[in-house]
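Notes to accompany the following structure.
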Amino acid sequence: PLFLLDPTSAGGLGMDNESLGHINGTVGTLTFIAGAFLGGFLVAKRTLPRSFFTLALVLNIPHLTYFYLAQTMPTDTVTIAVIVSIEKFGFGMGSVGHMLYMMQQIAPGPFRMAHYAMATGVMALTKWGTGTVSGFLWNAVDHHYVSFFGWVLILSIPPVILAWLAPFPHDHDEAAEFAGEAAPAAGH
């Protein structure tokens, strides 16, 4: 949001709060929901292990949108909204993989709610940690948005590699059993 709000003299896009509210609050929310639905559909069709890497790519590749915005500095609100909505769509779709991984791989078993709460807490802790690191990075690049978003792109590589290497010790049938659901019959 700082990039979108900062004046152009500081390297930002110089948007006002109202425009930012429409982009993040309306367009961003709708595209996030659409991405989440599509992510859920993908996992339902392909299973989580087979779609997890794709979801990680869809979550991280849209970081290019802010790098692009910082390079081109568009002034048209509609153009900015479309580009930001691409990032929000990817965030929604990729978040499905993250949440399902926590529910199926970290939280199965008789204490799944406690495990899920712990995993959600770790997720919140990492968001706080990355926010802190981004502040240090912002100062290290001397408040230059193109450099900052370039580093964001580089730092997006490890999560994609980790998604590729992610273990799946619990299959879907086992997770369904722990949830009290009947496992589907063989061949269905």
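General observations
- Whole-Hz couplings from phi, Karplus 6.51/-1.76/1.60, listed for region 75-91; x for Gly and Pro: 10, 6, 4, 5, 4, 4, 4, 5, 5, 5, 5, 4, 5, 5, 4, x, 5
- Largest first and in whole Å, the equivalent-ellipsoid semi-axes of region 81-158 read 30, 17, 9, each the square root of five times a Cα gyration tensor eigenvalue.
- The calculated P(r) of the chain, using every Cα pair and 5 Å bins from 0, goes 1, 7, 13, 17, 18, 15, 10, 8, 5, 3, 2, 0, 0 in percent.
- Here the Karplus curve 6.51 cos²θ - 1.76 cosθ + 1.60, taken at θ = phi - 60°, turns the phi angles of region 41-52 into couplings of 5, 4, 5, 5, 7, 10, 6, 5, x, 7, 10, 4 Hz, with x standing for Gly and Pro.
- Carbon/sulfur fraction of accessible area - region 105-150, other protein chains in place, 1.4 Å, %: 75
- Cα pair distances exceeding 20 angstrom across region 1-97, given as percent: 40
- Taken one residue at a time, the phi angles of region 6-19 give Karplus couplings (6.51, -1.76, 1.60, θ = phi - 60°) of 4, x, 4, 5, 9, x, x, 8, x, 6, 8, 4, 5, 4 Hz. Gly and Pro are set to x.
The values are calculated or read from the model by the stated rules, or taken from the named source; none is laboratory data. It should be emphasised that the depicted structure is a prediction, and the values quoted were computed from it without experimental measurement. For the accessible areas, the whole protein counts, side chains as well, though only heavy atoms, and no ligand, DNA or RNA atoms are used. Shrake-Rupley method; radii C 1.70, N 1.55, O 1.52, S 1.80 Å.
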